[in-house]
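Written below as structure tokens is the structure these notes are about.
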Amino acid sequence: MNAERLLAHYEEIAEAPDAIARLRRFILDLAVRGKLVAQDPNDEPASELLRRVGVQFAQQVHDGKLNKPKPVTPISTSDYLFDLPGNWRWARFNEIASIQSNLVNPRQYQNMPHIAPDNIESWTARLLPYSTIKESGVFSGKHLFYAGAILYSKIRPNLAKATKVDFDGLCSADMYPIVALIDPDFLLKFMVSEAFVSQAVSEDNRLAMPKINQSALSEILVPVPPLAEQQRIAAKVNELMELCDHFEVSRTARDAMRDRLVAASLARLSAPDPETFQSDARFALDALPALTARPDQIKQLRQTILNLAVRGKLVPQDPNDEPAAELLRRTVSTKQIVRRSLVTISSANEPYSLPDTWKWASLDQLLVSGPQNGISPKPTNREDAPKAITLTATTSGIFDPACYKRVEAVIPEDSDFWLRDGDLLFQRGNTREYVGMSAIYRGPPNAFLFPDLMIKVRISAEVDLRFVHLASISQPARRFLSENASGAQATMPKINQSTLISLPIPLPPIAEQRRIVARVDELMALCDRLEAALAVADAGRRNLLNALLAEALAPAEDRELEAAE
């Protein structure tokens, strides 16, 4: 066993997203395989312990202290999960523990503690805050348990939930109170290990309400060390779990400090001081690569970039640029007006202040066609049928041509239901987070239809399509569309065409629009590089963690052979 090497390298792998959780499971895996503490040849062999446990079990059943165990299948060598040390033995769960069933009326025990699966933390065996029966207000049938019992949740996905209690109380009927006949702390460690959970999951064959029943639990294989070694293992696991707790606290504190630094940097950019903005921006862009450790932080950076772009804070204004008011006048005068009047943005409804050369416009004022809803033909498996994009094709804000389905439809080639390069698509319905999300279609004509849950528009050539798209996916626009979405289904709110054409668009001079788009592209490329570097670093940490785990779990003779080679 080479666990020390893993712990020595921990700082290198600590940033892996699941490093601490995997380290906890690794420790438990070592423990139940006999690789965590040394064996002592002077310990009473597990075979003798099991013989004595059998006698004690039978006596306690005879005395009425324990339930009579269900018969179990004899263990053959083909059943073994892995090799055990020479003085260990395999046993069925029902041979070393008693599964209790003491259903009572909880109204008679209202002041006693009430434990439910939600009161146990998965994989760690920690007991979380709990209430009394009276406080919980749950009066369905409960199991009565006594101090020293192990409480185990039999309902999936809670098969990794078990804890040991030092008080009497009641637990939910979807839990088993268990009396251990070997060291209860060792048995608890085994019950939150992969070796136990994987068996429990394989025995779980119910679909409507997945659970492990008492017969299946009785059959689970348990690796049983000598009693003295069980106690040494439990003590060592506790020691190492405290170390994991320390790692967890350190990582949480480190992440919190990074979050504060990132938030402070982005806040200074989002609400900039004109006198210090340039230096703040340089500092943030220089520092963020070192501070960024999670994808959500890069997402925040992308949102901040867009926020700066649509507020006129990303590039300087040029007094020689034609004012946006003149651009808007020309755009409106040259478009074909198909409605009686255009939606405009009044001064009272302007979302925020703009630079002097900018102008607020409604999306309606920038359109040359649309808005138009798509169609909803029936899907088909025919490979020669037309393709219709799905909502996921635009959810990221960038059109994804891989997201489509084949549909039964005969659509003329000149139909507006076909997408053309440069169409701007808005999601008419989706979750509150994504409703109104938009993307630009880039591709050949007549390759894709668009669905009824999308609205298509085309933007005037007088303005930069890319800038209008950036404005429509920025936080102010997303907030406007989300807040104005409605519908009978809370899970699928919708925007209508009237809401969409009322979307306020901050309009800079056309030259500045192009400068902003170029600068956004440059900064988004930086975000792409940060994401790629983060992915590479995470992969490296995971690979190192995997290698160290494999090395630590490898038989000693294998490691000696590798060293010799």
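The values are calculated or read from the model by the stated rules, or taken from the named source; none is laboratory data. Remember, it's a predicted structure, so these values are computed and weren't measured experimentally. Every residue, glycine among them, receives a Cβ derived from its backbone with ideal geometry; neighbour counts consider all protein chains shown.
Residues are listed down the side, and each one gets a yes or a no for (1) more than 36 Å from the chain's Cα centre (by Cα); (2) part of a loop (DSSP other than H, G, I, E, B); (3) assigned by TED's automatic domain parsing to the domain that holds Lys164:
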| position | (1), (2), (3) |
| --- | --- |
| Leu81 | no, yes, yes |
| Pro85 | yes, yes, yes |
| Trp90 | yes, no, yes |
| Glu95 | yes, no, yes |
| Arg107 | yes, no, yes |
| Lys134 | no, no, yes |
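What are the residue pairs meeting all of these: first residue in region 531-546, first residue under 12 Å from Asp18 (Cα atoms) and assigned to a helix (DSSP H, G or I), second residue at pLDDT below 75 and among the acidic types (Asp, Glu), Cβ atoms under 8 Å, and 6 or more apart or on different chains?
Note: pairs meeting the criteria are Asp538/Glu15; Arg541/Glu12; Arg541/Glu15.
Can you spot a residue in region 222-230 that is of a type outside the set (A, V, I, L, M) and surrounded by fewer than 18 Cβ atoms within 10 Å (Cβ to Cβ)? Don't jump to the end; show me each part of the working.
Within region 222-230, the subset of a type outside the set (A, V, I, L, M) is 223, 225-226, 229-230.
From what is left, the residues that are surrounded by fewer than 18 Cβ atoms within 10 Å (Cβ to Cβ) are none.
No - not one qualifying residue is present in region 222-230.
Residue by residue through region 36-52, note down the ones that are in contact with a Leu (Cβ under 7 Å, 6 or more places away or on another chain) and not aliphatic (A, V, I, L, M).
Across region 36-52, the qualifying residue is only Glu44.
Could you count how many residues in region 402-423 are of a type outside the set (Gly, Ala, Ser) and surrounded by 14 or more Cβ atoms within 10 Å (Cβ to Cβ)?
12
Any residue in region 493-520 that is closer than 20 Å to Asn307 by Cβ sitting within a Cβ distance under 6 Å of a residue that is of a type in the set (D, E, K, R) and assigned to a helix (DSSP H, G or I)? List the pairs, counting only those 6 or more apart or interchain.
Val517/Arg466
If you go through region 435-469, how many residues are of a type outside the set (Gly, Ala, Ser) and on the phi > 0 side of the Ramachandran plot?
Count: 1.
Scan Ala402, Ala409, Ala361, Ala348 and give me the residue that is of a type in the set (Gly, Ala, Ser) and within 19 Å of Asp452 (Cβ to Cβ).
When all the criteria are applied, what remains is Ala409.
Report, ordered by the first and then the second residue, all pairs with beta carbons closer than 9 Å, sequence separation of six or more or different chains, a first member in region 18-36 that is outside any helix (DSSP H, G or I), and a second member that is β-branched (Val, Ile, Thr).
So the pair list comes out as Gly34/Ile233; Leu36/Ile27; Leu36/Ile233; Leu36/Val237.
Would you please name the residue that is farthest from Leu30 (Cα to Cα), looking only at residues in region 239-249 that are in contact (Cβ under 8 Å) with a residue 24 or more places away in the chain and not aromatic (Phe, Trp, Tyr)?
Glu248
Determine the pairs where a residue that is free of Cβ contacts under 8 Å to residues at least 24 places away in the same chain, located within region 211-229, has a partner that is surrounded by fewer than 23 Cβ atoms within 10 Å (Cβ to Cβ) with Cβ atoms under 7 Å apart, the partner being 6 or more residues away or on another chain.
Ala216/Glu203
Only residues in region 402-429 that are over 11 Å from Gly374 (Cα atoms) and touching a residue at least 60 places away in the same chain (Cβ under 8 Å) count as the first member; pair them with residues that are part of a loop (DSSP other than H, G, I, E, B) and of a type in the set (D, E, K, R), Cβ under 9 angstrom, at least 6 apart or cross-chain, and list the lot.
Pairs found: Gly429/Asp452.
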